[in-house]
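Worksheet: the structure to be examined is printed underneath.
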Amino acid sequence: MNHPASTQDSQWTTHYAKMVTSATEAVRRIKPGQRVFLATGAGVPRALVRAMVLEQARLADIEIVLVFVAGEAPFAVKELADTFTLNTFFVADNVRGMVQSGLADYTPILMSDIPRLFSSGQMPLDVAMIQVTPPDMEGEVNLGIAVDVIRCATENAGLVMAQVNPAMPRTQGDSGLSIWDLDLLIPEEEPLHELILPAPDEPIERIGRHIAALVPDGATIQMGLGRVAQLTIKYLTGKKNLSIHTEMISDTVLDLIAAGAITPPDKSTDAGPVVTSFAMGSRKLYDAVHDSPLFSFRRTEHVNDVRIIARQQRMVAINGALQVDLTGQVCVDSLGSQFYSGMGGILDFNSGASTAAEGRSIIVLPSTARKGKQTRIVSRLTPGAGVALNRGVVHYVVSEYGVAYLFGKTIQERALALIGIAHPDYRLRLLKRAVKLGYVRPEIGDVDGQTLVGGRELRTSMLLDNGQLITFRSSRPTDWKAVKKMLYSLSEGTVYRRFMSHVKRFPFNRLKNFTFIDQRRDVVVVGVIADGQDEWVVAIGGYNVENGAANRAEAAFLVRDEWQGQGIGTFMMRHLANMARNVGLAGLTAETLMDNRPMQAVLEKCGFAVHTRIDGQTVHFDIDF
């Protein structure tokens, strides 16, 4: 247990004089051929690392094992490759060149499995180099901002040397260690490494807004180690009663606390509302976690335990990816055969969140890489890429262009959903590849040039008198089954009034006119009710630009029988008219049967000048802007 109220022992160097030594003397205890564990992230004891590198002439065949090191990694250079062999569980940018050139090793493994390597003896540790706070009056030091696998490594290493740094905050949770669990104490004060996240760009802002729509109040949040997952958390500031259960926290957690989104809930497994295994951020974050009951730093065996994750309240796991293919396979640690990051806790949290009550697992990625030159949503993963999550366990995939829900969906539904959230520049070629690979039906190959989904200007919403929210958005290729279901639910009278004939069948060639639309020219909008997993189409409308010089478009709309009479048609017609005017059209046209009084009333109330003429049993409308 931690003792946050206890005071530091100001005479500790005297009380434990036999254990106190310099960094230089400490690393001289390392012998050639040994395996040395380094603490994680900002918890790395940099004074000991510098001293070890200076001892390179005496050392040989030293294996350095780590999750990742923040800041400089002076041992990870080509010139020292014969002295220090690096074995990392996560390929950070400061070691990536060495790993990709074959001069360092990468061990792909789940975070939850790393402690077992140490405790089982499969990866015996000769030395553990860690960083702690000065001891308190009860002889306890504190691991501070980095507990993760360090706790287990300390328990299983033959020799434990600790840099004692007053800059390390004292944290609550599993952070406390008896000073007698250590062998060497190295007094060395220096600033902790700080990670300053960049300001979110537009794609990340849009991803953040999509995620916010998926996260309910009262949720427990995990965010992966990547930049995108960490940055998108700040868009949850409008939520209430959130908790955090995650491997790593950054400064974005402070935004949630300041906004009142994180409050101490009634949790059965952990004391504080923010449970994590390590922190990486600014000094402001490190000061905030010091002796704070809001934060509980726990070992990886607890934080990444799938059973514990699954018991969290409305667990939402948010993890980044490098690529997702059209069947839903997710790659996180390599770009083809080039290792780029690591497995981290993505499988731990995907499994836990997916089985938790009201849980959700979300994969996030910008739609492109290399400044738009490469799509991240691909027909097939790059040869050599590793599959972190197979296609059977992926639930949500989010890009800046929307949300694709894949769980329980067919290959065709998955492919169309993912194409719909890919960057518009790549959608057509992805569709062609999907047809060629047999992922989608061949008829879809006939819709060349008709897969551009409309932008955010097409989105609006309507709150009915009964409190039901209907969202109107541009139709997508993946909507065709939902549209088919709606059309077959209509009464004969509604079908006749809309299509002016007794239509009995709606084959794909007809359905595609509602969903495969080049919305730079024509528009189709669907009104949907969503629960986060599925959407029900209750209304559909749009306009088709007429040929010739009239600069007009023909409009039509349709509302499901049980939703008629609630103003939905009027709302949709006005929305279509405003969109048509905004793109420079001179007006709309429409036609309806003489006895279709409801549609005539809607057209007359569109908010613009309306002119009518009758031709037999048909009423023609001209709407002027």
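Across the stretch 488-538, which residue is modelled with the lowest pLDDT among those that are over 26 Å from GLY616 (Cβ atoms), surrounded by fewer than 19 Cβ atoms within 10 Å (Cβ to Cβ) and polar (S, T, N, Q)? Per the criteria, the residue is GLN533.
Every residue, every condition in (1) in contact with an Asp or Glu (Cβ under 6 Å, 6 or more places away or on another chain); (2) within 19 Å of ARG283 (Cβ to Cβ); (3) outside the structural domain of ASN304 (by TED's automatic domain parsing); (4) free of Cβ contacts under 8 Å to residues at least 40 places away in the same chain, yes or no:
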site: ARG227; (1), (2), (3), (4): no, no, no, no
site: LEU231; (1), (2), (3), (4): no, no, no, yes
site: TYR235; (1), (2), (3), (4): no, no, no, yes
site: LYS240; (1), (2), (3), (4): yes, no, no, yes
site: SER243; (1), (2), (3), (4): no, no, no, no
site: ASP251; (1), (2), (3), (4): no, yes, no, no
site: ASP255; (1), (2), (3), (4): no, yes, no, yes
site: GLY260; (1), (2), (3), (4): no, no, no, yes
site: THR263; (1), (2), (3), (4): no, no, no, yes
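Output the residue which, of all residues in the stretch 471-486 that are touching a helix residue (DSSP H, G or I) at 6+ places or on another chain (Cβ under 8 Å) and in a helix (DSSP H, G or I), is surrounded by the fewest Cβ atoms within 10 Å (Cβ to Cβ). The residue in question is LYS481. Within the stretch 187-213, being modelled with pLDDT under 90, β-branched (Val, Ile, Thr) and in a helix (DSSP H, G or I) holds for no residue. Annotation note: of ARG314, ARG307, the sole residue that is in contact with a Gly (Cβ under 7 Å, 6 or more places away or on another chain), over 29 Å from ASP93 (Cβ atoms) and surrounded by fewer than 21 Cβ atoms within 10 Å (Cβ to Cβ) is ARG314.
On the stretch given as the stretch 122-147, residues that are part of a loop (DSSP other than H, G, I, E, B) and touching a Pro at 6+ places or on another chain (Cβ under 9 Å) total 4. Which residues, counting only those in the stretch 363-382, are assigned to a strand (DSSP E or B) and under 14 Å from the mean Cα position of the chain (by Cα)? Result: ILE363, VAL364. Taking the stated definitions as given, is GLY238 small (Gly, Ala, Ser) and surrounded by fewer than 21 Cβ atoms within 10 Å (Cβ to Cβ)? Yes, satisfied.
Got a sec? Which strands (runs of 3 or more DSSP E) wholly within the stretch 241-346 have at least 2 residues that are of a type in the set (Val, Ile, Thr) and over 29 Å from VAL132 (Cα atoms)? Of the strands (runs of 3 or more DSSP E) lying wholly inside the stretch 241-346, those with at least 2 residues that are of a type in the set (Val, Ile, Thr) and over 29 Å from VAL132 (Cα atoms) span 315-320. Checking each residue in the stretch 278-298 for being out of contact with any Asp or Glu (no Cβ under 8 Å at 6 or more places or on another chain) and crowded, with 24+ Cβ neighbours inside 10 Å picks out ALA279, MET280, VAL289, PHE295. Would you call ARG29 in a helix (DSSP H, G or I), touching a residue at least 24 places away in the same chain (Cβ under 8 Å), farther than 30 Å from LEU335 by Cα and among the basic types (Lys, Arg)? No, not satisfied. For the stretch 447-469, the set of residues classified as outside any loop (DSSP other than H, G, I, E, B), exposed (fewer than 13 other Cβ atoms within 10 Å of the Cβ) and either in contact with a Lys or Arg (Cβ under 8 Å, 6 or more places away or on another chain) or at pLDDT 85 or above (or both) consists of SER461, LEU463, LEU469, listed by residue number. Scan the stretch 57-66 and give yes if some residue there is crowded, with 23+ Cβ neighbours inside 10 Å, part of a loop (DSSP other than H, G, I, E, B) and modelled with pLDDT of 95 or more, otherwise no. Checking the stretch 57-66: not a single residue is crowded, with 23+ Cβ neighbours inside 10 Å, part of a loop (DSSP other than H, G, I, E, B) and modelled with pLDDT of 95 or more. Within the stretch 78-98, being in contact (Cβ under 8 Å) with a residue 60 or more places away in the chain and buried (at least 20 other Cβ atoms within 10 Å of the Cβ) holds for THR88, PHE89, PHE90, VAL91, ALA92.
Looking only at residues in the stretch 102-148 that are among the hydroxyl-bearing types (Ser, Thr, Tyr) and over 28 Å from GLN338 (Cβ atoms), which one is surrounded by the most Cβ atoms within 10 Å (Cβ to Cβ)? Top of the filtered list is THR133.
The values are calculated or read from the model by the stated rules, or taken from the named source; none is laboratory data. Computed from a predicted structure; not experimentally measured. Methodologically, a virtual Cβ is constructed for each residue, glycine included, from the backbone with ideal geometry; neighbour enumeration extends over all protein chains shown.
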